[in-house]
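For reference, the structure discussed in these notes is given below.
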Amino acid sequence: MATHPLSRLPATLLLLLSTIFMFVSPPQAALAQAESDTLTIILEPVHVEAAHSSTTLDRATMSVTTLHRTLSDRVSRKAATMDELTFMLPGIWVSNRENHALGERMTIRGMGWRSQFGLRGIQVILDDIPLTVADGQTVLNMVDPATVQSLELLRGPSATFWGNSSGGVLYMKTRPAPDSPALMLRSYYGSFNTWKQEAHWHNRIGGIRWNGYGSYYQTDGYRDHSDANLIRGGLSAGIDISDYSTLDFRVAYSGMPDARHPGSLSKLDAESNPRMAWPGHVNTRSGKEFHQWMGAGVYHHDLETGLLSVTAHGITRSLDNPLPGPYISVDRLAGGLRSTYDMNNLPFDLQVGGELKFQHDDRRQYNNEGGKPGDELTTDQTDRVNSQALFAKSMFHLDRLSLSAGLRADRMSFTSDDYLAGEEGTRIFTTVNPSIGVNYRFNNVTYYGNLSTSFESPTTTEFKNRPDSGNGFNPDLNPERAVGIETGLRSYFSNPEISIDLAIYGMRVSDQIVQESLTDGVAIFSNGGNANHFGLESHIRMRPFPSLLLELMYTWTHSVFAGGEFEFEEEYKGNQLPGVAPHRAGGVLTLDLGDHTFGSDLEWVSDYYADTENSARNDSYLLVNGRWNYRGARFENWSIEPFISVHNLLDTRYNTSVAINAFGDRFFEPGSSRSIQGGFSIQIR
């Protein structure tokens with residue numbers, strides 16, 4: 001197992017990280033008030049479920065951000081894509097391609113930058129179901145952002161908690177708060193022939209806690225050849241088996257019967273004709289169709305010596321993906337089993353556990369004939385991934401001080417059967433990932449420091465392509481690894497209501513998986529291109545008046561290539577990682593005037609590069625959005641709330657995302673012009 005020496009991090013950053021506790025302190029006025037009114041600063045213990053442990057937010061030794069959506073926000077914010085929920089969270093950046101066939105791009109502190117579709121390097125969990133499968137790939141289409149009630153974000157390497165592909169963790173919950181309406185129906189229609197119907201329901205019937213949702217979304221899209229429709233739904237049930245045990249079940253479906261892929265454009269085309277689709281994608285009817293089912297069961301049993309938790313989940317997915325050239329079909333079966341035991345009879349917190357994951361992909365590739373599979377079968381293979389893990393996490397509490405430590409060992413095996421070539425291949429590797437952290441609480445302020453690690457395995461396709469064109473997997477390709485160190489503070493004050501989240505970090509990524517060359521048209525991957533990531537993350541939320549809420553966010557991310565073992569990487573040394581904006585800032589203003597709520601969002605993204613050579617740059621942009629909803633139409637046990645939302649109020653011309661290292665310099669994916677949506681929500685108590 002390769003190590004990650006901290007000595008590679010710049011000495012100045014290490015010095016700053018080790019001394020920040022000496023210089024960061026809350027304002028004296030705020031401290032004076034906290035000392036005079038201690039009752040107002042006591043917070044409800046919020047458990048950090050993204051860390052999959054009993055750790056509470058006030059004792060967490062890592063950078064974690066939580067978001068709890070208000071009813072007004074769930075009514076007036078259309079939340080068609082994840083960027084609408086995450087744009088104000090420090091450290092994470094979801095750039096909306098406005099292309100449902102590809103989905104959003106997501107990076108956390110620059111991790112995940114190389115993904116061309118879906119997500120890589122980041123762990124995503126929805127209602128205890130990992131959407132990230134065994135080899136580290138994540139498909140985000142399963143999530144309807146409008147149904148998300150709350151989320152948690154771990155911003156640093158988190159392999160101790162989740163294993164493979166945990167450069168960061170996004171944990172989302174759709175279970176409604178107890179004061180939510182029993183039934184909520186929402187409908188809206190807007191620009192580009194976009195409309196959506198939603199239903200959310202929860203109740204307790206016969207001792208069983210029920211929660212369900214369903215939605216249908218359709219759009220023609222801003223660009224040509226970008227229409228899509230999505231169907232999503234889910235149902236969960238929870239029951240108390242005894243005074244000491246509970247059992248929860250969940251089943252969910254997501255389907256995209258049709259989504260067109262407009263492709264990326266050159267800089268000139270994106271500026272002069274942003275609504276156009278690339279002709280090659282139109283001629284081949286490029287797009288995607290998928291159907292996916294998920295199921296999970298969670299069992300908790302409170303024993304005299306601790307809490308036993310067992311979670312099992314399964315996923316089935318069928319995909320048809322016509323592209324310029326190939327027509328790809330994949331049938332996937334994936335799932336896993338996780339068991340943990342939290343001991344409560346020790347002088348410290350201790351959790352031990354184990355996890356199993358599996359993935360089975362049947363992949364076929366044909367030539368694309370007008371959006372249909374042709375008669376030339378070029379790929380017919382089955383890929384299997386299995387992983388096993390053991391882990392332990394502990395936390396010691398000494399008055400205001402908390403110390404944490406964790407260790408996880410993973411074993412992964414990759415197997416591929418190529419039926420056309422009659423070849424088989426197997427790769428097995430093991431990895432051990434530790435983490436340590438400290439938390440110190442002083443009045444209203446929590447200081448923390450953390451050192452953690454993560455790893456990211458190659459995908460089965462990256463493993464299989466060999467530079468010598470031989471059989472089996474590439475014997476020289478290994479997982480990339482990261483070590484990160486961070487420190488920061490979280491503070492909460494009540495008069496006026498204000499919360500502050502501040503963090504600085506450094507991270508070293510070794511043996512990045514990069515595309516080294518093309519051999520007979522096949523991409524060959526290797527471990528090269530180390531990278532250094534440094535940054536500052538800040539977020540402030542304040543309510544100076546009962547009717548006014550203000551949020552501000554600024555994130556600085558400095559992610560650069562740091563050389564590697566291969567000659568071709570030396571020319572990139574010092575270049576910025578493509579697809580990672582160095583600066584991002586945002587703001588939200590919400591004003592309640594009687595029964596009217598007005599909201600405005602502001603998001604600014606600096607310019608950034610679209611290729612590893614740093615020869616193509618995406619320009620900076622500023623987006624302003626607006627929202628209004630009316631809560632005055634209330635009746636005995638139900639109400640109706642009309643709302644209007646406006647996206648890109650200033651009609652800014654911008655590119656919402658880039659295709660990294662795209663062929664023919666077609667890097668740019670234009671964002672939509674000003675759009676308006678209007679609708680209503682019906683709530684039944």
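The values are calculated or read from the model by the stated rules, or taken from the named source; none is laboratory data. Only a predicted model underlies this, so the values are computations on that prediction, with no experimental measurement involved. Because the Cβ atoms are built from the backbone with ideal geometry, glycine has one as well, and the counts that use them run over all protein chains shown. Areas reflect the complete protein model, heavy atoms only, side chains present, ligands, DNA and RNA absent. Shrake-Rupley method; radii C 1.70, N 1.55, O 1.52, S 1.80 Å.
Assorted remarks:
- Hey, residue 657 among the small types (Gly, Ala, Ser), in contact (Cβ under 8 Å) with a residue 60 or more places away in the chain and open to solvent by less than 30 Å² (accessible area, probe 1.4 Å) or not: yes
- Residue 266 vs. criteria surrounded by fewer than 16 Cβ atoms within 10 Å (Cβ to Cβ), among the hydroxyl-bearing types (Ser, Thr, Tyr) and in contact (Cβ under 8 Å) with a residue 40 or more places away in the chain: no
- Positions within segment 662-685 being assigned to a loop (DSSP other than H, G, I, E, B), of a type outside the set (Lys, Arg) and either surrounded by fewer than 18 Cβ atoms within 10 Å (Cβ to Cβ) or in contact with a Cys (Cβ under 6 Å, 6 or more places away or on another chain) (or both), in sequence order: 673
- Identity of the residue in segment 271-286, hydroxyl-bearing (Ser, Thr, Tyr) and either more than 30 Å from the chain's Cα centre (by Cα) or open to solvent by 60 Å² or more (accessible area, probe 1.4 Å) (or both), that ends up farthest from residue 102 (Cα to Cα): 272
- Residues of segment 304-346 satisfying the condition of being within 15 Å of residue 291 (Cα to Cα) and among the basic types (Lys, Arg): 317, 332
- Counted as qualifying within segment 102-209 are the strands (runs of 3 or more DSSP E) with 1 or more residues that are among the small types (Gly, Ala, Ser) and open to solvent by less than 20 Å² (accessible area, probe 1.4 Å), namely 150-154, 183-190.
- Among (1) under 30 Å from residue 260 (Cα atoms); (2) open to solvent by 50 Å² or more (accessible area, probe 1.4 Å); (3) in a strand (DSSP E or B), the one test that residue 330 misses: (2)
- Filtered residues of segment 346-386 (kept if farther than 28 Å from residue 458 by Cβ and assigned to a strand (DSSP E or B)): 349, 350, 351, 352, 369, 372, 374, 375
- Selection from segment 218-253 of residues that are in a strand (DSSP E or B) and within 18 Å of residue 656 (Cβ to Cβ): 219, 228
- When we screen 334, 392 for residues that are farther than 21 Å from residue 300 by Cβ, within 28 Å of the chain's Cα centre (by Cα) and not charged (D, E, K, R), the only hit is 334.
- Just one of the listed residues (343, 395) is farther than 30 Å from residue 458 by Cβ and open to solvent by 40 Å² or more (accessible area, probe 1.4 Å), and it is 343.
- Cross-chain or 6+ apart pairs with Cβ under 6 Å, segment 54-71 first and of a type in the set (Lys, Arg), then buried (at least 17 other Cβ atoms within 10 Å of the Cβ) and in a strand (DSSP E or B): 59/402; 59/439
- Any chance residue 538 is of a type outside the set (Val, Ile, Thr) and at pLDDT 95 or above: yes
- Qualifying residue in segment 427-434 (condition: closer than 16 Å to residue 162 by Cβ, hydroxyl-bearing (Ser, Thr, Tyr), in contact with a Phe, Trp or Tyr (Cβ under 6 Å, 6 or more places away or on another chain) and buried (at least 21 other Cβ atoms within 10 Å of the Cβ)): yes
- Only one entry of 600, 620, 547 meets the criterion of being without any contact (Cβ under 8 Å) to a residue 60 or more places away in the chain, among the small types (Gly, Ala, Ser) and under 18 Å from residue 669 (Cα atoms), and that entry is 620.
- Of note, residue 410 satisfies the criterion of being more than 28 Å from residue 318 (Cβ to Cβ) and either out of contact with any Lys or Arg (no Cβ under 9 Å at 6 or more places or on another chain) or buried (at least 17 other Cβ atoms within 10 Å of the Cβ) (or both).
- Selection status of residue 629, within 17 Å of residue 190 (Cα to Cα), polar (S, T, N, Q) and touching a helix residue (DSSP H, G or I) at 6+ places or on another chain (Cβ under 6 Å): yes
- Residue pairs whose Cβ atoms lie under 7 Å apart, separated by 6 or more positions or on different chains, with the first residue in segment 182-194 and in contact (Cβ under 8 Å) with a residue 40 or more places away in the chain and the second charged (D, E, K, R) and open to solvent by 20 Å² or more (accessible area, probe 1.4 Å), are 182/685; 188/78; 192/220.
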